[in-house]
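Let me begin by presenting the structure, written as structure tokens, before commenting on it.
Values quoted throughout were computed directly from the atomic coordinates according to the rules given, and no laboratory measurement underlies them. Small disclaimer: the values here were computed from a predicted structure and weren't measured. Methodologically, a virtual Cβ is constructed for each residue, glycine included, from the backbone with ideal geometry; neighbour enumeration extends over all protein chains shown.
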Amino acid sequence: MNDPSDKSANKSHVQAIQELYRNRDSSALKEIYNPLRAVNVRIAAERQRILTELLRNWLGSDQLREKKILEIGCGAGGNLLNFISLGANPAHLTGNDLVPHRIEEARARLPAAVRLHCGDAGELKIDAETFDIVLQSVCFSSILDDAVLRAVANRAWFLLRPGGAFLSYDFTVNNPRNPNVRGISVARLRELFPHGAITARRVTLAPPIARSVWSGFYPSLNAFPFLRTHAWCLIRKPVETARQPADQVIAHSNTFSRK
């Protein structure tokens, strides 16, 4: 039986995340993420290149149009719009976010066919094995409570079809200037998804460095792997002949390519 105090603590943590993002979205920090800033153009281009490589290698001759996709922590819908630009069918897209005004903004930007859910991703009321792709982008790093993080990861895995892929883009190291986030390492993802096969790529020049130098230096500095602070990970869910309890599924080996 679940301890009511645990549920209360989880709810308090979720509410704290909601408040944090409401405050951040209304502060001057929002300008740091302006997509027109030269450094952000560099970061976005690299992210896009690695994402498309991971998708091509996984999909083979398949296309995104037939894939059902969920994003956890979709914000204002930018990643979902990107999936549409890569060929995804809006009617097959679903977004989730904790913050109501972000869902409202996403609703205004996205085609009406995209489904949006406001609330805790760990409690999404969607049928098991609905999606071919589940994405989180700098969402897990905002969840400081281990129980809440595991609940969200477990729900994502529950919603993912056998043979599907969980995509994660997040920073892998702690930010000493921001106690409201923590790094999500590849090792941590292996713990959260022990039955998945992981392909990981180190990306993104450390933002404090990238924002302090001329954007033209980005490619040269980013050539040094130890200066990259984020990782794109594609975690493949095994194709199972029958659904089994999580503790009975044989773990698949993980692969980590440093490129």
Exercise for the section: Figure the gain on full extension for residue 220 and residue 197 (residue separation times 0.36 nm, minus the Cα-Cα span) and round it to one decimal in nm. Expected result: 5.2 nm
Exercise for the section: Sort out for me the Cα centre separation of region 101-116 from region 124-155, rounded to whole Å. Expected result: 19
Practice task
Kindly count the pairs of lysines across region 4-248 whose alpha carbons are less than 29 Å apart, treating pairs on different chains or eight or more residues apart as eligible.
Solution key: 11
Fill in the blank from the handout: Expressed in angstrom and rounded, the centroid-to-centroid distance over alpha carbons for region 171-189 and region 32-51 is 20
Fill in the blank from the handout: Cα-only Rg/Rh for region 4-248 with Kirkwood Rh rounds to 0.94
Exercise for the section: Would you mind getting me the FRET efficiency between residue 178 and residue 65? Use the beta-carbon distance for r and R0 = 35 Å, nearest 0.05. Expected result: 0.40
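Quick one: dipole size for region 4-248, taken about the Cα centre, charges +1 on Lys/Arg Cβ and -1 on Asp/Glu Cβ, in debye to the nearest 20.
In total the dipole reaches around 540 debye.
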Fill in the blank from the handout: For region 70-110 (alpha-carbon point model, no solvent) the Debye-based log₁₀ I(q)/I(0) at q = 0.22, 0.23, 0.26 Å⁻¹ works out to -0.61, -0.66, -0.82
